[in-house]
Protein chains: 2
Amino acid sequence: MERCLVIGSGCAGLTAGIYAARSGLDPLIISGLLPGGQLTMTTEVENFPGFPSPVQGQQLMDAMRKQGERLGVRFVNDLAEEVNFKKHPFSVRLAGGSEIAAQAVIVATGAAARWLGLGSEQRLRGKGVSACATCDGFFFKGKDVLVIGGGDTALEEACFLTKFASSVAVVHRRGKFRATSALVEKAGQNKKIRFIFDCVAEEVLGRETVEGVRLKNVASGAVQSVKCEGLFVAIGHEPATSFLKGQLALDEQGYILVKPAGFVVTDTPGVFAAGDCADHRYRQAVTASAFGSMAAIEAGKWLENKGFV
Amino acid sequence: MERCLVIGSGCAGLTAGIYAARSGLDPLIISGLLPGGQLTMTTEVENFPGFPSPVQGQQLMDAMRKQGERLGVRFVNDLAEEVNFKKHPFSVRLAGGSEIAAQAVIVATGAAARWLGLGSEQRLRGKGVSACATCDGFFFKGKDVLVIGGGDTALEEACFLTKFASSVAVVHRRGKFRATSALVEKAGQNKKIRFIFDCVAEEVLGRETVEGVRLKNVASGAVQSVKCEGLFVAIGHEPATSFLKGQLALDEQGYILVKPAGFVVTDTPGVFAAGDCADHRYRQAVTASAFGSMAAIEAGKWLENKGFV
């Protein structure tokens, strides 16, 4: 029987582990599909506090994992496939077949950006292709960038990027944005922003770094290449929560619902949620870490109040 | 006219600065009374994610400041003494006499633990004397510790410390705790915990590290020395918000009130709060940093929505 089981090993899961270990909860972390989480897919991180020089995402996550190991965090390199949060102790079934019982669970499974699915896009990730303007916009001072998407996030990112970029082209596959009209109007009034409708990206151009994007008009079939040094894919995120359906309250997009003032408190006492699986507003490495620490603190208090520790 | 003014340079203020700089907001940080904040008063930090080996508090804060400077954050080494948030642009008067106008303000002035006020206590801080069981309890495995205080926090910390310490003595100056009765009962049932009533600490004993505490009975005047290797002072915290009275909504303890779901949103549009000046629940370095990043993100959105950037 585990006292404190953490599902996921990105910033949220590892920081939850670090805090839980230092609270004497002897946590076990299920590493998941992508040990280290989304940050392992990025290159330079320069907004994680405490690092005067940019740090590689993979390096930061290796450091966090080592920190956890040093403090006694245990890891199982497997994937949570099914949970039963309807009876206590909770149970989690792993892809490898084993079943783990736990008194408290911290869900920190993260989210994944949706990508276009192009080989060239994948090859150039971190080399001009990004899914986070807040994280990477700063790297595109004086450059031309292209944003793909038609929702609020796409237009917000486009406006944000005009602070750095010389020009921002927003490419949408339909003839009209889904975004709220005020946002469309605002982006439309920004002289740095232009809209390209009815187009999809066929290929990201460039060998070592992004040099442009080849677009195809879905109505006419016409193909054009647009020069740019940055491509921001803003077509949404997918929280890794499908295995939780029916077990935890989720919102319509699949994010775990947490209590407004509780930050990490789910609808099931003893189950806590931290990081991008519950947060679609901030999605930062440092915020995920902080939610992980909060979840461990709350789990410790809950276990203590219930007399489990 | 500043676009984004940050008051305070602890984890929250510096991370707000880092994020604001990377969002093109060209922030100015007012360093305050204690540049680097509370962490500069501690020794080893082993729960800040990303550091496999313990890092010195001062060193971590120096790193964060350098990171901010590299990204273009400007600093003024002065203290905010008075604010006017009742009209926009906001204004902040510094102890040095100058006045700064700003379109958005992030308050990150932190809090200070209340101390007993003994010279020996100050000399042994970080050498056995602590004000945070969550942070430092782990360092007292198998040791005897003493907690001073009579409220909920004191008894919570005492219970928490029993996971590591061999024994925990709770010293209170009155004959009865202020803490909730359930907590008193729980602590009373814990075999590792004993209560010492009607006593105050006269001196912390030990040259290089804590070796004990000399207590005086306030009723009888009798003096006794209690051996211990750790002293946790749990008599409360004081948010550094007195200069904000009448300008921002504060709770009865002086913490800045933030909207439940907004985390960093105060009652005054354009003024945001981050870290221990608004958070009395978690008070961690990483949570303060995260709230700082959130405040910068929200400030950026607000400035953009208002057409200021």
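The values are calculated or read from the model by the stated rules, or taken from the named source; none is laboratory data. Remember, predicted model here, so these are calculated numbers, not experimental data. Because the Cβ atoms are built from the backbone with ideal geometry, glycine has one as well, and the counts that use them run over all protein chains shown. Note: accessible area is taken over every heavy atom of the protein model, side chains too, but ligands, DNA and RNA are not part of it. Shrake-Rupley method; radii C 1.70, N 1.55, O 1.52, S 1.80 Å.
For B:ASP144, the accessible surface of its heavy atoms amounts to roughly 60 Å² (probe 1.4 Å, protein chains only, rounded to the nearest 10). Helix-only arithmetic for chain A: the sum of -39500 (n - 2.57) across DSSP H runs with n ≥ 4, divided by the residue total, places the mean residue ellipticity at 222 nm at -7500 deg cm²/dmol.
Mind putting a number on the dipole of the range A:14-105 about its Cα centre? Charges go on the C-beta only, +1 for Lys and Arg and -1 for Asp and Glu, and I need it in Debye to the nearest 20.
It comes to approximately 320 debye.
How about the range A:213-309: which GluC sites (Glu not before Pro) there are in a DSSP loop, with at most 12 other Cβ atoms within 10 Å of their Cβ? Here the sparse-neighbourhood loop sites are A:GLU252. Take each residue of peptide A:258-264, count the partner chain Cβ atoms within 10 Å of its Cβ, and average: the result is 3.
Computed on chain A, with alpha-carbon pairs under 8 angstrom and 6+ residues apart, the relative contact order is 22 percent. Taking the DSSP beta bridges with both ends in the range A:166-309, the antiparallel portion is around 75 percent. Accessible area of B:HIS280 (1.4 Å probe, protein heavy atoms only, ligands and nucleic acids ignored): about 90 Å². Axis of helix B:152-161 versus longest Cα principal axis of chain B: the two differ by about 70°, to the nearest ten degrees.
Rolling a 1.4 Å probe across all protein chains gives A:GLU69 an accessible area of roughly 90 Å². Computed over chain A with a Gaussian network model linking Cα atoms closer than 10 Å, the most mobile of A:ALA219, A:ALA112, A:ALA201 is A:ALA219.
Between A:LYS259 and A:GLU82, the FRET efficiency from the beta-carbon distance, with R0 = 22 Å, is close to 0.30.
Within chain B, antiparallel bridges make up roughly 45 percent of the DSSP beta bridges whose residues both belong there. Per-residue mean of foreign Cβ neighbours for B:275-287 is 4 (Cβ atoms of other chains, 10 Å radius). Placing unit charges on the Cβ atoms of the charged side chains and taking the dipole of the protein assembly as shown about its Cα centre, the candidate lying farthest along the positive direction among A:GLY230, B:THR153, A:THR266 is A:THR266. Here's the list of aspartates and glutamates a cross-link from B:LYS192 could span, going by alpha-carbon distance under 16 Å and ignoring same-chain residues fewer than 8 apart: A:GLU304, B:ASP144, B:GLU156, B:GLU157, B:GLU229. Averaging the Cα positions of each part gives two centres, and for the range B:77-118 and the range B:220-268 these lie 18 Å apart.
The residue of chain B whose Cβ sits closest to the rotation axis that maps B onto A, together with that distance in whole Å, is B:ALA290, 2. Farthest toward the positive end of the dipole of the range A:64-111, out of A:ILE100, A:ASN77, A:MET64, is the Cα of A:MET64, where the dipole comes from beta carbon charges about the Cα centre.
Counted over the range A:61-169, the DSSP beta bridges are approximately 65% antiparallel. Are any of the pairs A:LYS259/A:LYS301; B:LYS186/B:LYS216; B:LYS141/B:LYS163 more than 20 Å apart by Cα-Cα distance, and if so, which? Pairs exceeding 20 Å: B:LYS186/B:LYS216.
Counting only other chain Cβ atoms within 10 Å of each residue's Cβ, the peptide A:63-70 averages 4. Among the cysteines of chain A, A:CYS4, A:CYS11, A:CYS159, A:CYS199, A:CYS228, A:CYS277 have no other cysteine beta carbon within less than 4.7 Å of their own. Sorted shortest first, the separations between the B:GLU99 label point and its copies elsewhere in the assembly read 7.1 nm; each point sits 7 Å from Cα along the Cα-to-Cβ line. A label point on B:ASP267, set 7 Å along the Cα-to-Cβ line, lies at 3.3 nm from each of its counterparts in the other copies, closest listed first.
Distances, shortest first, from the label point of A:ARG214 to those at the same position in the other copies read 8.5 nm; the point lies 7 Å along Cα to C-beta.
Sorting A:MET41, B:MET64 by accessible area (1.4 Å probe), largest first, what list results?
These residues rank, largest area first, as A:MET41, B:MET64.
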